[in-house]
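Down below is the structure, laid out as structure tokens.
The values are calculated or read from the model by the stated rules, or taken from the named source; none is laboratory data. Bear in mind that the values here come from a model prediction, so they are computed numbers and not experimental data. A quick note on method: Cβ atoms are made from the backbone with ideal geometry, for glycine too, and the neighbour counts reach across all protein chains shown.
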Number of protein chains: 2
Amino acid sequence: MGGDHGPHVTIPSAVEYLRLDRKTNIILVGNPDVISRELDTLKVSPGEQLRLHPASEVVSMDEHPALALRNKKDSSMRVALDLIKNGEAQACVSAGNTGALLATSRFVLKTIPGIDRPALAVVLPTMSGHTYVLDLGANVNCTAEHLLQFGMMGASLVSSVENKPNPSIGLLNIGEEEIKGNDVVKQAAELFRSSGMNFYGNIEGDDIYRGTTNVVVCDGFVGNVALKTSEGLAQMLASYLREEFRRSLFSRFAGLVALPVINAFRRRVDHRQYNGASLLGLRGIVIKSHGSADSYAFRCAIRRAAEEVRGGTLRNIVEHIEALRYNAGHNIGQPVSVE
Amino acid sequence: MGGDHGPHVTIPSAVEYLRLDRKTNIILVGNPDVISRELDTLKVSPGEQLRLHPASEVVSMDEHPALALRNKKDSSMRVALDLIKNGEAQACVSAGNTGALLATSRFVLKTIPGIDRPALAVVLPTMSGHTYVLDLGANVNCTAEHLLQFGMMGASLVSSVENKPNPSIGLLNIGEEEIKGNDVVKQAAELFRSSGMNFYGNIEGDDIYRGTTNVVVCDGFVGNVALKTSEGLAQMLASYLREEFRRSLFSRFAGLVALPVINAFRRRVDHRQYNGASLLGLRGIVIKSHGSADSYAFRCAIRRAAEEVRGGTLRNIVEHIEALRYNAGHNIGQPVSVE
């Protein structure tokens, strides 16, 4: 029940989500009094589809991940992840402290055997549709082997939720030629080439929004900078556009006339629809919502969780690790079964 | 005389530049026949302000930098850099092969003592003005010491051409807290803190366009990805906006009414005005224009070169190395004099 706005956003969002998706059940984890009060306000009673599960503590947004993990054993975050571990839930959606969610989910759920590090994947819009980018900041010092695993997990995610059997993977670099890039990226390209995966090759920053590949692989530092830079640029352009439409009486009039078009444009680039980063590589589905998500944005994160459960993302990752092992001779894990 | 469009763009651009700036002289370096033909077309004769210097070879856009350096000793690029070395010119502007320009200028001009690696700096627009970002791709494997030098060179550039005595420096990271980031960035932050420079601290990707600091420091891999990602996003948003204004009869009408406003917006975000990346750290001023620059964009790159010469960017970098040495005890070079 975290995030910047807490239960006032997440609970109405969950209730609204269930109105649109009758096949999903949601367990609200947190302080029972707070949850009950919120449900009362909404005139909703808990039932089969919407259950309550108590948790007495809350991880605050600026709490150190290691301290949260050590000291808050009954936090809503920790309890929700325990529900996955015990088989009572199949996914966890949180708008809370990112570092704590990464650390706690890794501790509670463990990684899938063969996966060294979980990675955060987000969907971004492109000229022709959308693409999946990972890692977005879970890992800042990556090896080539890590990048290979990110590519495999990204492809598993896309094939399971988008019904694309063999998604293309691009390796984010600073040039398309094989000689370009830093040492890790060059090694990763070699691993990809002999992996049997649908590896497109090196791509550049502008290929992300061009939609050149279905999956874009990069280390968490680069991915985070690319994402945040995009946010900053979009905000600046929006602010410039607003200023120009307010500059004079005429431009205000033009803005009024163009308003329906500007609004259609705004809906199309509304970043809320892409809310919900998938934390891939764990023995359970974990979705990180933006901390400042509103009700609509948080619903998009819940939908993402439901899609991954239904699409069998977890099983897909497990199967692809095996395929990697047999196809390319990379011994990056033993076959396992995950339910 | 390189770039995607060659002398057909660079020569008219240089001629036009001289009409606007009577205090600068330009030497056109390249095939004399080609240059003379182009000047004839423009009805311009060479003179004191516009001279010709012959070079018999051209480095092609896809030529391997090392081969260009070894085999093309009379290329226009090499000859232009030799003119700086011999004191006949104070700056070189090229729209040619980036890798070859980096390699050749480093070989011909050498780095300023105390500078390990030259870095590419560009100006980007922000909410409140503009900021200087480096490195943009000259260096893909950087140490903390390199990043420190980039910061110093960026600050030297800003103070010399913007008349800002003590520009603020931000270190591009994935969080503002000191514990965030990869090992190199963490070490670099420590070096900056004890350097005596105006170090703002860690900044994130969105701070670039927010204009949080005057200088943004990052390694060339991250900087290149951030820049290219920005280009891709801007193109996508422009294409979305165009599509929305073409969707229906009404939206076409709205587009007509809003055209003056859209055009004002377009002029404001016109990336051509930011053309011209400064290759800093060499014993001479070298400006890399975008290969696809048109006449206006190339003129902006020439203006940048002139501003750096007049502002004394080179001397500023040399002085700042000394200051770094004395203030913070970092022995990164001996004082030298550069003319």
Inset, instruction - Kindly establish whether B:E177 is modelled with pLDDT under 95 and in contact with a helix residue (DSSP H, G or I) (Cβ under 9 Å, 6 or more places away or on another chain). - result: no
Legend entry - Top-ranked residue of the range B:165-215 - restricted to ones that are under 21 Å from the mean Cα position of the chain (by Cα), hydrophobic (A, V, I, L, M, F, W, C) and within 14 Å of chain A (Cβ to nearest Cβ), ranked as nearest to A:D135 (Cα to Cα): B:L172
Inset, instruction - Could you tell me whether the range B:54-75 includes any residue that is under 24 Å from B:C300 (Cβ atoms), modelled with pLDDT under 95 and surrounded by fewer than 17 Cβ atoms within 10 Å (Cβ to Cβ)? - result: yes
Legend entry - Members of the range B:16-58 that are of a type in the set (G, A, S) and in contact with a Lys or Arg (Cβ under 9 Å, 6 or more places away or on another chain): B:A55
Legend entry - Subset of the range B:84-108 [more than 14 Å from chain A (Cβ to nearest Cβ), part of a loop (DSSP other than H, G, I, E, B) and buried (at least 21 other Cβ atoms within 10 Å of the Cβ)]: B:A89, B:A95, B:G96
Legend entry - Residue ID - surrounded by the fewest Cβ atoms within 10 Å (Cβ to Cβ), chosen from residues in the range A:286-326 that are under 22 Å from A:S76 (Cβ atoms), out of contact with any Pro (no Cβ under 9 Å at 6 or more places or on another chain) and of a type in the set (A, V, I, L, M): A:V309
Inset, instruction - For the range B:95-118, state whether one or more residues are of a type outside the set (A, V, I, L, M), at pLDDT below 95 and closer than 25 Å to A:N224 by Cβ. - result: yes
Legend entry - the range B:215-233, subset out of contact with any Leu (no Cβ under 8 Å at 6 or more places or on another chain) and of a type outside the set (D, E), residue farthest from A:T126 (Cα to Cα): B:F221
Inset, instruction - Count, please, the residues in the range B:192-218 that happen to be part of a strand (DSSP E or B) and touching a residue at least 40 places away in the same chain (Cβ under 8 Å). - result: 4
Legend entry - Subset of the range A:140-164 [surrounded by fewer than 24 Cβ atoms within 10 Å (Cβ to Cβ) and under 16 Å from the mean Cα position of the chain (by Cα)]: A:S159, A:S160, A:V161, A:E162
Legend entry - Residues of the range B:109-152 satisfying the condition of being polar (S, T, N, Q) and within 14 Å of chain A (Cβ to nearest Cβ): B:T126, B:S128, B:T131, B:N139, B:N141, B:T143
Inset, instruction - Might you check whether a residue that is hydroxyl-bearing (S, T, Y) and without any contact (Cβ under 8 Å) to a residue 60 or more places away in the chain occurs anywhere in the range B:285-305? - result: no
Inset, instruction - Might you let me know whether the range A:40-57 holds any residue that is in a helix (DSSP H, G or I) and without any contact (Cβ under 8 Å) to a residue 60 or more places away in the chain? - result: yes
